[in-house]
Amino acid sequence: MALVPFPGPQSGAYKLPPDDDEDSIFGGGAGKMSFLEHLDELRLRIVRACIGIGVGILLSFGFIQQIFNFLLAPTRKVLPPGVKIIYTEPGEAFGMYITVSLIAGAVIASPYVMYQVWMFIAPGLYSKEKKMAIPFVLFTTIGFLGGAAFNHFVAFPFLMKFFAQFNGIDLAFMPRLEDTFSLYTKMLLGMGVVFQLPTVVFFLAKMRLVTAKFLWDHGKYAVLIAYVIAAVITPTGDPMNQTIFAAPMIVLYFLSILIAWVVNPRSRQQNRDV
């Protein structure tokens, strides 16, 4: 870095030129944002995200029946012959159609929503870190869709099959529409968040905030936390159901260790030196 003469009375005095990254932390040299400016920026991003979800809801209404049937498929497969999903309140079925459209709209708009999240946190990053906008949107979207797919094709059908096994002569399994979708939505959001773990570790490793060694050393705590989260997500205390939810979290955690090891080569070199 070149030294710049300091325009002062003492000859031979020098100062360092400002770091480009430091000037660009808050918007490319535009100066730091005040607290009220941060609140205004947050409001803007929330409004835009809601608009994106609203557009997704309108688009989903054109295929609402197909989407509704797709979401009900895991439950219908485990119902005894002749048994249907019931609703007991006049507006319950209509309300579920609205809920389905909200879920579908959020999924459709998820890339745009993730982009708004990135645009909110980007002013607090260095200029080289701001270039990760596209990977952030791509990976978070893939993670959410991966979690939704795991919930729909693996976790939720397994759980409903577990509930349906108690159907018999004295007990009839007749799931209520609102309860079924409430459970489905809770599990969907939970799995969508859990599947963001590799993405979070990827960016933390890029910013050198975590290393593969740190994650490996704390692996036993990660396994414990995974079972605690699984116990919160699952509505039963059955160990098998908890394992179904905890297993992907554990696999994703150790996959994240590999990601951190690949992303941050400097930490690998330090470990060899030690």
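All of the numbers you see were taken from the coordinates with simple rules; none came from a lab. Model, not experiment: these values are computed from the prediction. Cβ placement follows ideal geometry from the backbone for every residue including glycine, while neighbour counts extend to all protein chains displayed.
Numbers at a glance
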item: FRET E, pair Lys128, Ala172, Förster distance 41 Å, beta-carbon r, rounded to 0.05; result: 0.10
item: Residue-wise HN-Hα coupling along the range 108-120, computed from phi with Karplus coefficients 6.51, -1.76, 1.60 (Hz; x: Gly, Pro); result: 4, 8, 4, x, 5, 5, 5, 5, 5, 4, 5, 5, 6
item: Largest to smallest principal axis extent of the C-alpha atoms in the range 80-221, angstrom; result: 64, 37, 18
item: For the range 158-211, the fraction of alpha-carbon pairs in successive 10 Å shells from zero, as %; result: 19, 30, 21, 16, 11, 4, 0
item: Whole-Hz ³J(HN,Hα) from phi, Karplus 6.51 cos²θ - 1.76 cosθ + 1.60, for the range 214-224, glycine and proline x; result: 4, 5, 5, 5, 9, x, 5, 6, 5, 5, 4
item: The range 75-222: relative contact order in percent, alpha carbon pairs under 8 Å with at least 6 residues between; result: 36
item: Distance-filtered residues of the range 176-207 - backbone nitrogen under 18 Å, label point 7 angstrom along Leu138 Cα→Cβ; result: 196-207
item: Cα pair distances exceeding 14 angstrom across the range 50-92, given as percent; result: 66
item: Separation in nanometres of the label points that stand 7 Å from Cα toward Cβ, at Val193 and Met119; result: 2.5
item: Calculated FRET value between Lys220 and Glu41, using beta carbons and R₀ = 35 Å, to 0.05; result: 0.30
item: nm² value of the averaged projected area, convex hull over the Cα atoms of the range 117-175; result: 5.9
item: Net +/- balance of residues flanking Met96 in space, Cβ distance below 15 Å, scoring K and R +1, D and E -1; result: 0
item: Filtered trypsin sites (Lys or Arg not before Pro), the range 85-151: DSSP coil and at most 13 other beta carbons within 10 Å; result: Lys131
item: Per residue, the convex hull volume that the Cα atoms of the range 47-147 enclose (Å³); result: 123
